[in-house]
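The values are calculated or read from the model by the stated rules, or taken from the named source; none is laboratory data. Just so you know, these numbers come straight off a predicted model, no measurement behind them. Cβ atoms come from the backbone with ideal geometry, glycine included; neighbour counts cover every protein chain shown.
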């Protein structure tokens, strides 16, 4: 009884303390940020220019009876600059800026959140024109249901009333930000409340370069740094990640007592963000290193020799995070969609690691290192069959529900698929993955000598850039061409032995190969001449026959 009494006293006392709360004080910020400080989101800035113009001169927009938007919803991935955009609007218009997070309105006591919403808008109305910024509005603005807590429903209802109730406030703009617009209540996002929905996506390559230039202003950058190269190598990075990249590079350079941040520091920071930190303390035997080298070499070789595959950016057998090695691929430019050819090529690259293990070490010695590769290849094949209509057997239909997940097919027919359709989908996914594995295995068999050379180089160097991988493959393919084989046979030089002492012999092979190539060209030219002469002779015979007739 004493414990229950103390608990009751604590709950009631907390409620009374909240009831005695003298007004909810929000954070007021007089922003000095302008649109010049916001880069990489040019489209979003253009959509928000009208808001700034309205706050500067409201009469210009209302003289003909029109009304400006009351609310603006900024949505997009985390770290893209939604809060910075809101501060820039306030800074450009020169009006007060009040900030509140959605979690600040969450309370276990009914009515507290709603009262805080009223206090927030009352404070803003005293400073018109004013901007109210609600960050992470999905914390209180999610779709309502009968199972929600009463406090959350009251808080959302109060926001709906303030945005579009009986009393409207001219000059009060509400800007909200969220990473999940799909979960917001429809009553909140309808016209009249949040009239404008502005997407703030991850920046493209030009935007990334501009963001890097902004963050590099306060950092001593070396002369060898090319921010355009870094921007091309960071697709999908947000503004926050790019800021972190520059900061990590600066800290690393300072730790090494450098005078400036070099390109090596920026590349190191990029690899740290994308692949994780190096596990330098991990000790692996030479056999494990060779196995990893052949596995990653298979990925890299298939990526370089398969049409439609993304270019190789880096190949490494240095353990990072949970991976023992990694082949990083980056597109030459930002991609908005994938073709069927590119998807099949991506599957082939995924299968290249397991295929290399089987080719070199035998089927009985394959390892578990390809688990994530198989998962990725299966996911691509599933999307092609279920969602993208890239299977003739299944047809131009979309299965698997809204998310397109294979797990949603198990147990029941809620998604409207029959058992025969499920079996056909599984059949097609299996066919695509099997064909992909066969293509990768055949390609590696054809270029086994190149795979061995690449793995040998990975064991020796541990990390190769994309250009080094491409140069090595081109050199190996050239060395194993017909003319080079003949030259090595005549000179008695073994292609597998890469010894600097054989430089003179290699030069002779190259010279002899060039001579044989010129002979091949002459033979082709003579063949063309002979073909033309034969055609001319046939024409003369036909002309004689026609004249005789």
Item to check | From the options 244, 238, 262, residue that is within 23 Å of residue 84 (Cβ to Cβ) and in contact (Cβ under 8 Å) with a residue 40 or more places away in the chain | outcome: 238
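Take residue 458 and decide whether it is crowded, with 19+ Cβ neighbours inside 10 Å, under 27 Å from residue 287 (Cβ atoms), more than 26 Å from the chain's Cα centre (by Cα) and in contact (Cβ under 8 Å) with a residue 60 or more places away in the chain. Reasoning before the result, please.
Working: crowded, with 19+ Cβ neighbours inside 10 Å: yes; under 27 Å from residue 287 (Cβ atoms): yes; more than 26 Å from the chain's Cα centre (by Cα): yes; in contact (Cβ under 8 Å) with a residue 60 or more places away in the chain: yes.
Criteria met by residue 458.
More than 19 Å from residue 351 (Cα to Cα), in contact with a helix residue (DSSP H, G or I) (Cβ under 8 Å, 6 or more places away or on another chain), in a helix (DSSP H, G or I) and modelled with pLDDT of 90 or more - does that describe any residue in the range 424-441?
Here is the first cut: in the range 424-441, the residues more than 19 Å from residue 351 (Cα to Cα) are 424-425.
Next, only the ones that are in contact with a helix residue (DSSP H, G or I) (Cβ under 8 Å, 6 or more places away or on another chain) stay: 425.
Those still in the list that are in a helix (DSSP H, G or I) too: 425.
With modelled with pLDDT of 90 or more added as a condition, the list becomes 425.
Yes: the range 424-441 contains one or more residues that are more than 19 Å from residue 351 (Cα to Cα), in contact with a helix residue (DSSP H, G or I) (Cβ under 8 Å, 6 or more places away or on another chain), in a helix (DSSP H, G or I) and modelled with pLDDT of 90 or more.
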Checklist outcome for this item: The correct count of residues that are modelled with pLDDT of 85 or more and more than 18 Å from the chain's Cα centre (by Cα) in the range 320-344 is 4
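Suppose we filter 309, 250, 293 for residues that are surrounded by 14 or more Cβ atoms within 10 Å (Cβ to Cβ), farther than 21 Å from residue 470 by Cα and at pLDDT 90 or above; which single one remains?
Numbers: 309 fails: farther than 21 Å from residue 470 by Cα; 293 fails: farther than 21 Å from residue 470 by Cα.
None of the other options fit; the residue is 250.
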Item to check | Conditions (1) surrounded by fewer than 18 Cβ atoms within 10 Å (Cβ to Cβ); (2) within 23 Å of residue 234 (Cβ to Cβ); number of the one not met by residue 368 | outcome: (2)
Checklist outcome for this item: Listed by range, helices (runs of 4 or more DSSP H) wholly within the range 173-240 having at least 3 residues that are under 26 Å from the mean Cα position of the chain (by Cα) are 205-215, 227-232
Item to check | Count of residues meeting criterion [closer than 23 Å to residue 445 by Cα and in a helix (DSSP H, G or I)] in the range 265-324 | outcome: 19
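Could we say that residue 121 is modelled with pLDDT under 80, assigned to a helix (DSSP H, G or I) and either surrounded by 21 or more Cβ atoms within 10 Å (Cβ to Cβ) or out of contact with any strand residue (DSSP E or B) (no Cβ under 6 Å at 6 or more places or on another chain) (or both) here? Walk me through how you get there before you give the answer.
On the way: modelled with pLDDT under 80: no; assigned to a helix (DSSP H, G or I): yes; either surrounded by 21 or more Cβ atoms within 10 Å (Cβ to Cβ) or out of contact with any strand residue (DSSP E or B) (no Cβ under 6 Å at 6 or more places or on another chain) (or both): yes.
So residue 121 does not fit the description; no.
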Item to check | Single residue of 448, 462, 475 found to be modelled with pLDDT of 90 or more and either in contact with a helix residue (DSSP H, G or I) (Cβ under 7 Å, 6 or more places away or on another chain) or assigned by TED's automatic domain parsing to the domain that holds residue 292 (or both) | outcome: 448
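Can residue 190 be described as at pLDDT 80 or above and surrounded by fewer than 18 Cβ atoms within 10 Å (Cβ to Cβ)? Quick ask: steps written out before the conclusion?
Values: at pLDDT 80 or above: yes; surrounded by fewer than 18 Cβ atoms within 10 Å (Cβ to Cβ): yes.
When the stated conditions are applied, residue 190 passes them.
Results for (1) surrounded by fewer than 18 Cβ atoms within 10 Å (Cβ to Cβ); (2) out of contact with any helix residue (DSSP H, G or I) (no Cβ under 7 Å at 6 or more places or on another chain), shown as yes or no for each residue.
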| position | (1), (2) |
| --- | --- |
| 183 | yes, no |
| 194 | no, no |
| 217 | yes, yes |
| 224 | yes, no |
| 227 | no, no |
| 231 | no, no |
Next on the checklist: Can you report the number of residues in the range 61-88 which are in contact with a helix residue (DSSP H, G or I) (Cβ under 7 Å, 6 or more places away or on another chain) and either farther than 30 Å from residue 239 by Cβ or assigned to a helix (DSSP H, G or I) (or both)?
Outcome noted: 3
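Quick grid of which residues meet (1) touching a strand residue (DSSP E or B) at 6+ places or on another chain (Cβ under 7 Å); (2) in contact (Cβ under 8 Å) with a residue 12 or more places away in the chain; (3) surrounded by 15 or more Cβ atoms within 10 Å (Cβ to Cβ):
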site	(1), (2), (3)
39	no, yes, yes
52	no, yes, yes
60	no, no, no
67	no, no, no
76	yes, yes, yes
80	no, yes, yes
83	yes, yes, yes
91	no, yes, yes
95	yes, yes, yes
Item to check | Qualifying residue in the range 3-20 (condition: exposed (fewer than 14 other Cβ atoms within 10 Å of the Cβ) and at pLDDT 65 or above) | outcome: no
Next on the checklist: I'd like the residue in the range 336-387 that is in contact (Cβ under 8 Å) with a residue 24 or more places away in the chain and not in a helix (DSSP H, G or I) and, out of all such residues, is nearest to residue 310 (Cα to Cα).
Outcome noted: 339
